[in-house]
1. Enumerate the pairs (first residue in the range 78-101 and surrounded by 10 or more Cβ atoms within 10 Å (Cβ to Cβ); second residue anywhere and polar (S, T, N, Q) and not in a helix (DSSP H, G or I)) with beta-carbon separation below 7 Å, excluding pairs fewer than 6 apart on the same chain, so at least 6 apart or on different chains.
2. Quick one: which of Asp122, Asp134 is loosely packed, with under 13 Cβ neighbours inside 10 Å and within 30 Å of Gln99 (Cβ to Cβ)?
3. Checking Ala205 against (1) surrounded by fewer than 17 Cβ atoms within 10 Å (Cβ to Cβ); (2) closer than 30 Å to Arg101 by Cα, only one condition comes out false. Which one?
4. All but one of (1) in a helix (DSSP H, G or I); (2) at pLDDT below 90; (3) among the small types (Gly, Ala, Ser) hold for Ala208, so report the exception by its number.
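The values are calculated or read from the model by the stated rules, or taken from the named source; none is laboratory data. Not measured: the values here are computed from a predicted model. For neighbour counting, all protein chains shown are included, and Cβ atoms are generated from backbone atoms with ideal geometry for every residue, glycine included.
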Amino acid sequence: MEATQCPHCQTHFERPAEILLEPGAEPSDTATTIVTATNAVTSNDSQPPTLAEESQEPYRSVPAGPSVPPKKGMPWYLLLFIIVIVALGAYLYWDNFQQRRYSEEKAFELLRECNDPLNFEDFIARYPNSNHLDEVRAKLNELRQEDVVWSAVAKSNNVAELNGFIQSHPHSPFVKIAYHKIDSLDWREAEKAGTTAAYDKYIAAHEAGEYITEAFEARNAAKEREERARRDSIAAARALADSIQGTPEAVGIDEIFGAE
């Protein structure tokens, strides 16, 4: 396999193909030049070429392939797109923050005029990081204490206790209910008494009461009853005086009951 010529006829073999590259060049399929050095077939008497002759055989070098272009940076339009996206995201975040802050302040302002514990609980759930959270929680605790006090007062049906609750908690949502209960209890007492004085007392205490119309009508009816009872009592007294002495002047009945 290492022979360079035929051992019988001394004919030189063809040299194997060689690929020569320029120094520093990388191999490439399109940039390779195959150099085939074929020794001419000589006669039986020809001598193999010497090493010096072989070194002087012409070789063609492989031309350098196309140079690789240097890597370019990010295209300007892609960079601009990223900047626009970041700016848009920042604006949307800022706008959402401002809207949420505005909504929080409006909700807090509404709580100032509200006494419903459910609204305070809703505010705490919606804005757990609010700057007003401590104030809202304090008000919520106060309202819960009012609920406990009101539950005890409402069951007693005592007018004095109801008035005391109104004075202690003038802004409580139960104040209207307390006034309603007081109005109903006073009207019940007036009806129970059924006198002009009782109805006058209710009218004086509840000028805009729920039963004010009924109170005036009942007072007029009570006046008529009382006047009629007075006249009946005078007539009965005169009749009694007549049966005893014959005339009312004998016992001074007019001076006792008054002349009609």
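1. Sorted first by the residue in the range 78-101, then by its partner, the list stays empty.
2. Asp134
3. Only one criterion in (1) surrounded by fewer than 17 Cβ atoms within 10 Å (Cβ to Cβ); (2) closer than 30 Å to Arg101 by Cα is unmet by Ala205, namely (2).
4. Just one mismatch for Ala208, condition (1).
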